[in-house]
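Asks: Pasting a structure below so you can have a look.
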Amino acid sequence: MSKQTKKRQIHSEVYYGMVPLGKKDKIYGFWDIFLITGGWAIATWAYVQGGQIATMIGLEEAVTNTFFGMTVAGLFLCLCVLITTRYGIDIWMYQKALFGYFGLIIFAVIILASQLGYDVINAEVYASSLMKVFAEFGITIPEYLTPYIATTCVIFGAWIALRGPIAVRTATRIMVPCLMALGVFIIFTVFRNFSLQELLNVEPLYEAEYGSGLANYMVVLEWNIAFIFAWFASIGVLSRLVKTERTAYWGHVGGFSIVMASFTVIGVLTALAMLLATGVESVDPTDWLLELGGPVFGLMAILFVAVANVTTVAVSLYGISISTKVLKPELSFSKVVIFWSGWIVLLLFWGGIWDYYSVFLALVGATSGSAVALIVVDFFFVRRQKISMKDLYQVDGKKAYRYTGGFNIVAIISFLAGVAGYLWVYEPIEAVPRNDIFLYTTATGFSMIVSGLVYLLLSMIKPLNDYLRKDKKRE
Amino acid sequence: MKNKQELHEAIAEKTEQMDDPNFTSGPPLNKKDGIAIVVIALICVIGLVWGFLI
């Protein structure tokens, strides 16, 4: 494909990413959006999450916590989808109204940078896959080479992303069937080796971790909620293309919550089976695949994982780079892809994402939870579902969302209050609840209540309401 | 340059349409959806409590 053709495709994507889409531009129905979001959700991050959960609570609790927890989180998160579908815009575009024209850019960099932690997980699982494949053939690769091997996943993913949207879509068509086949294979091998009763009887390794069953259960719920809220950064990429708000909402809830929960539970099942079989705890799905699948099928599954992880990284890098370009169209797409790839590689060599997975989830929970609450309160209560598109895009010099030098101070204060609330109830480094409020709300839930309430109450003060609603006179 | 100009023109046209008080993008969530959201959320909360107690 020629360079000019690729450039035109990417410009076209940005073009469509920037331009609000009207009714005639929308192409997705319910099944389209359900399958696309579901396909995106079933990357190996779901298995790692499941493996993490299995270390803390038993199967019954894991199933209820994951399905019900992820669904209720998705019901709230996907309210943001209504904004992006209605106006045909990315959620980052909307957040200019929330954080201000410059505030949004700083916030976006923080969120997008943290989201890429999930690609670090994928790259590390890819490296683990390849090292196991080599080990099966008698070639032992030293552990210290893991980040170098993982870097190749990022390089291949970036290579696909740089080739433009057609290449990314082709990669998705490879990734989704691979991951679905892997899910089916895992269920088959688990129940071939163990009965449901045996799995139910497994006691998790760290069930005494927090001193009570309730604390363990709520810590896992915290992880599950944070896991769902991480989708916040990707809202709008797809939903702006959906024909109606109803189909967008329920399609996203189905894909991002229910399908994701299903594959996370598969991860739980497999980790418990691994514990039963070997007495060894592992959150790495490649450990399970060899142990449970045997040398031939296990190896095949691992190769599936490696391929799927490359394509997941490609899709993720592409999407985040397009979102970055939507915020700043003058940036070169290639340079943005390379920048974010470099960031993932930096995180890989740091090694902290895998080692401090619960801290990473805490960062996601604290930032995304507060942001989602602010978006919902801002759009549904403060602005009563009316925004000025001309001010959002600064057409004809309209700048109602400029606030104070490009920063919405009220939103920033509310956001920081939410983060402070998070840290007040939960210690993210040791992953320890700090007080009993956590046991009823989780930390992400509490941060959402704090940030949402602070913003709502401040917006009720007349001078602050006037500050926030400079777009009101456009109605 | 032509792309940027086209982009600005397209944005201006679309934002003009969308800021019109009569603009509708399509039907929003209806009352049944609202009830379904509340009911499912309640089921989830009950399910979470039940999941811990079993």
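The values are calculated or read from the model by the stated rules, or taken from the named source; none is laboratory data. Source: prediction; values computed, not measured. Here the Cβ is made from the backbone with ideal geometry for all residues, glycine too, and neighbour counts use every protein chain on show.
Asks: Conditions first: (1) modelled with pLDDT under 90; (2) over 21 Å from the mean Cα position of the chain (by Cα). A:Leu241 passes all but one, so which condition is the exception?
Replies: Among (1) modelled with pLDDT under 90; (2) over 21 Å from the mean Cα position of the chain (by Cα), the lone unmet condition for A:Leu241 is (2).
Asks: Report yes if some residue within segment A:225-234 is within 14 Å of chain B (Cβ to nearest Cβ) and either over 20 Å from A:Glu291 (Cβ atoms) or in contact with a helix residue (DSSP H, G or I) (Cβ under 9 Å, 6 or more places away or on another chain) (or both); otherwise report no.
Replies: Within segment A:225-234, one or more residues are within 14 Å of chain B (Cβ to nearest Cβ) and either over 20 Å from A:Glu291 (Cβ atoms) or in contact with a helix residue (DSSP H, G or I) (Cβ under 9 Å, 6 or more places away or on another chain) (or both).
Asks: Now, a different point. Residues to consider are A:Phe297, A:Phe304; find the one that is under 22 Å from the mean Cα position of the chain (by Cα) and either in contact (Cβ under 8 Å) with a residue 24 or more places away in the chain or part of a helix (DSSP H, G or I) (or both).
Replies: After ruling out the rest, the residue left standing is A:Phe304.
Asks: Next question, about the same structure. (1) surrounded by fewer than 24 Cβ atoms within 10 Å (Cβ to Cβ); (2) assigned to a helix (DSSP H, G or I); (3) of a type in the set (A, V, I, L, M, F, W, C): which one isn't true of A:Val280, the others all being true?
Replies: (2)
Asks: Would you mention how many residues in segment B:25-37 are exposed (fewer than 13 other Cβ atoms within 10 Å of the Cβ) and facing chain A (nearest Cβ under 9 Å)?
Replies: 2
Asks: Looking only at segment B:38-54, which residues are assigned to a helix (DSSP H, G or I) and either facing chain A (nearest Cβ under 8 Å) or of a type in the set (S, T, N, Q) (or both)?
Replies: B:Ile40, B:Ala41, B:Ile43, B:Cys44, B:Val45, B:Gly47, B:Leu48, B:Trp50, B:Gly51, B:Phe52 - these are the residues of segment B:38-54 that are assigned to a helix (DSSP H, G or I) and either facing chain A (nearest Cβ under 8 Å) or of a type in the set (S, T, N, Q) (or both).
Asks: For A:Val219, are the conditions met, namely being modelled with pLDDT of 90 or more and over 24 Å from A:Val190 (Cβ atoms)?
Replies: yes
Asks: Taking the residues in segment A:200-224 that are surrounded by fewer than 23 Cβ atoms within 10 Å (Cβ to Cβ) and among the hydrophobic types (A, V, I, L, M, F, W, C) as candidates, determine which candidate is nearest to the other protein chains (Cβ to nearest Cβ).
Replies: Here the residue is A:Leu214.
For (1) buried (at least 24 other Cβ atoms within 10 Å of the Cβ); (2) closer than 30 Å to B:Pro28 by Cβ; (3) modelled with pLDDT under 95; (4) in contact with a Phe, Trp or Tyr (Cβ under 6 Å, 6 or more places away or on another chain), each residue gets a yes or a no:
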{"residue": "A:Val377", "(1), (2), (3), (4)": "no, yes, no, yes"}
{"residue": "A:Val382", "(1), (2), (3), (4)": "no, yes, no, no"}
{"residue": "A:Ile429", "(1), (2), (3), (4)": "no, no, yes, no"}
{"residue": "A:Tyr455", "(1), (2), (3), (4)": "yes, yes, no, no"}
